[in-house]
Amino acid sequence: MHRIVFLGPPGAGKGTQAAEVARRLGIPHLSTGELLRSAAAEQSPLGVEADGYIRAGHLVPDPLVLRVLGERLERPDARGGFLLDGFPRTVAQAEALGRVTALDRVVAFEIPEAMLLERLTQRRHCPNCRRIYNLATSPPRVAGRCDDDQSPLEQRSDDRPSAVRTRLKVYLEQTAPLVAYYRDLGLLVTVDATGTPSEVRARIEASLSRA
Ligand code: AP5
Ligand code: MG
């Protein structure tokens, strides 16, 4: 079974890789960031509350995130495995996850900080199908429009420089300790996240097949 976590700083390429790797493994891609952004777009009470934290670049409080993820993990398609992207992000979240499921591998993305800023400021995404673009490295065929459904592309509210700085700080303080946490559990593999998306994917797939 594939029960996988992608761990890494904002802009490391988790979402880009998770979409493709999950498709190839036939497991659902579960991104807490996407689940929270969908809730915010629908203006549900939970989404409205989460949106304030997201815009500022802070973590959404554990009880809200655990509720959103718990509901998603209970859906039948997640019973045969899953790829978690952006969860867990705190030791408390990792402990909560450990109480409901075992994991097979945690893939930690390694990348220099300067490259993260470059990737995030150039990112655009489709608010409809969630496909991720980059104006410098993977632009849409028609400027400003999604290749798949022609929706107007948007910039995420948390890709403003001030929110990006907060997200990087929050990552170092609250999420980076999970690298040692999962190494101690014998679940960690590290992957060089520089290079083209297909180079990074090949490294991830090699590290998963060694599992
Ligand atoms: P989330 O949506 O998870 O954001 P993040 O972790 O900050 O990560 P990103 O989505 O910004 O980056 P990514 O690694 O997915 O990179 P991507 O593939 O897009 O979380 C957002 C917010 O939600 C959080 O700040 C928090 O408020 C809340 N939240 C979510 N989960 C939570 C949790 N568990 N607990 C509490 N709060 C939570 O790539 C980035 C760019 O680079 C793109 O433009 C892409 O095209 C480009 N790119 C990708 N790979 C390459 C490559 N190899 N070469 C060149 N360019 C590339
Ligand atoms: Mg992402």
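Derivation of every value follows stated rules applied to the coordinates shown; laboratory data play no part. Since the model is a prediction, treat every value here as computed from it, not as a measurement. Heads up, the Cβs are rebuilt from the backbone with ideal geometry, glycines too, and the neighbour counts pull from every protein chain shown.
A few comments on the model shown:
- Relative contact order, whole percent, for the chain stands at 30, derived from Cα pairs under 8 Å and 6 or more residues apart.
- The stretch 92-147: trypsin sites (Lys or Arg not before Pro) in DSSP loop, at most 14 other beta carbons within 10 Å: 141
- Listed peptides 51-62, 146-157 by packing density, highest first (mean Cβ within 10 Å): 51-62, 146-157
- Kirkwood hydrodynamic radius (C-alpha pairs) into Stokes-Einstein, the stretch 92-211, 10 °C and 1.306 mPa s, D in µm²/s: 96
- Chain lengthening between residue 190 and residue 25 when straightened (0.36 nm per residue, less Cα-Cα): 57.5 nm
- Here the chain is treated as a sphere whose radius is the Kirkwood value from Cα pairs; by Stokes-Einstein at 25 °C and 0.890 mPa s it diffuses with a coefficient of 140 µm²/s.
- Adding -39500 (n - 2.57) for every DSSP H run of four residues or longer, then dividing by how many residues the chain holds, sets the calculated 222 nm ellipticity at -13500 deg cm²/dmol.
- Rounded to 5, percent antiparallel among DSSP beta bridges of the chain: 25
- Largest-first principal axis extents of the Cα set of the stretch 1-68 (Å): 34, 21, 20
- For the chain, a simple Cβ point-charge model (Lys and Arg +1, Asp and Glu -1, everything else neutral) yields a dipole of about 200 debye relative to the Cα centre.
- Fewest-first ordering of 82, 6 by other beta carbons within 10 Å of each residue's beta carbon gives 82, 6.
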